[in-house]
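*Asks:* I'd like to ask some things about the structure below.
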Amino acid sequence: MSRSERSPLLLAGLLATAGIAHFAAPRPFDATIPAALPGPPRTWTYASGVAELALAAGLALPRTRRTAALATAAFFVGVFPANVKMAADWRHRPARQKAAAFGRLPLQVPLVLWARGVARNAGGRS
């Protein structure tokens with residue numbers, strides 16, 4: 001399996017793992033939901049978990065890979081406010097937790113670029 005074939009599957013694995021985590025341990029995700037969103041945070045936690053699982057499935061299938069990769073890039077941009085909220089909420093926590101929260105912010109850029117690269121390498125399929 002070449003690197004270009006492995007890359008979308010690694011991204012799918014990352015999303016599937018995150019999606020499962022939203023259901024297995026939702027409380028930490030609930031805390032990152034911006035208060036401006038309507039409804040209970042748990043609804044958004046579960047919705048984002050479902051979205052991650054759906055994106056993972058789409059990335060795993062060559063026929064839907066391009067569309068799923070573009071949606072994944074948009075998803076990573078869309079969840080950025082939750083990461084900002086987490087960093088703001090954790091600014092007074094111990095150094096390790098604070099570093100993890102603030103470290104997530106610049107991590108969104110390579111994730112978006114990774115998803116865009118998967119879309120580009122998928123060609124016109126989907």
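The values are calculated or read from the model by the stated rules, or taken from the named source; none is laboratory data. As the structure is a prediction and not an experimental result, all values here were calculated from the model. Positions of Cβ are generated from backbone atoms using ideal geometry, with glycine treated the same way; all protein chains shown enter the neighbour counts.
*Asks:* Based on this model, can you work out whether Leu11 counts as of a type in the set (A, V, I, L, M), at pLDDT 95 or above and touching a Ser or Thr at 6+ places or on another chain (Cβ under 9 Å)?
*Replies:* Considered against the rule, which asks whether it is of a type in the set (A, V, I, L, M), at pLDDT 95 or above and touching a Ser or Thr at 6+ places or on another chain (Cβ under 9 Å), Leu11 comes out as yes.
*Asks:* Against the conditions (1) assigned to a helix (DSSP H, G or I); (2) modelled with pLDDT under 95; (3) not charged (D, E, K, R), where does Thr17 fall short? Just the number, please.
*Replies:* So Thr17 meets the others, but not (2).
*Asks:* Across segment 60-89, what is the total count of residues that are in contact (Cβ under 8 Å) with a residue 12 or more places away in the chain and not in a helix (DSSP H, G or I)?
*Replies:* The qualifying residues number 4.
*Asks:* Can I ask one more? Which number in (1) part of a helix (DSSP H, G or I); (2) crowded, with 16+ Cβ neighbours inside 10 Å marks the one condition that Ile33 misses?
*Replies:* Only one criterion in (1) part of a helix (DSSP H, G or I); (2) crowded, with 16+ Cβ neighbours inside 10 Å is unmet by Ile33, namely (1).
*Asks:* A further question follows. Restricted to segment 90-126, and to residues that are polar (S, T, N, Q) and touching a residue at least 60 places away in the same chain (Cβ under 8 Å), which residue is nearest to Ala68 (Cα to Cα)?
*Replies:* Applying the filter and picking the extreme gives Ser126.
*Asks:* Looking at Ala88, Ala99, Ala122, can you tell me which residue is at pLDDT 90 or above, surrounded by 14 or more Cβ atoms within 10 Å (Cβ to Cβ) and among the hydrophobic types (A, V, I, L, M, F, W, C)?
*Replies:* After applying the criteria, what remains is Ala122.
*Asks:* Can you confirm whether segment 48-61 contains a residue that is of a type in the set (S, T, N, Q) and either in contact with a Ser or Thr (Cβ under 7 Å, 6 or more places away or on another chain) or surrounded by fewer than 19 Cβ atoms within 10 Å (Cβ to Cβ) (or both)?
*Replies:* No, segment 48-61 has no match at all.
*Asks:* OK, next. For segment 85-126, give me each residue that is among the charged types (D, E, K, R) and under 16 Å from the mean Cα position of the chain (by Cα).
*Replies:* Lys85, Arg104, Arg116
*Asks:* Can you name the residue in segment 62-84 that is within 15 Å of Leu10 (Cα to Cα) and within 9 Å of the chain's Cα centre (by Cα) and is also surrounded by the fewest Cβ atoms within 10 Å (Cβ to Cβ) among such residues?
*Replies:* For segment 62-84, the residue satisfying everything is Ala73.
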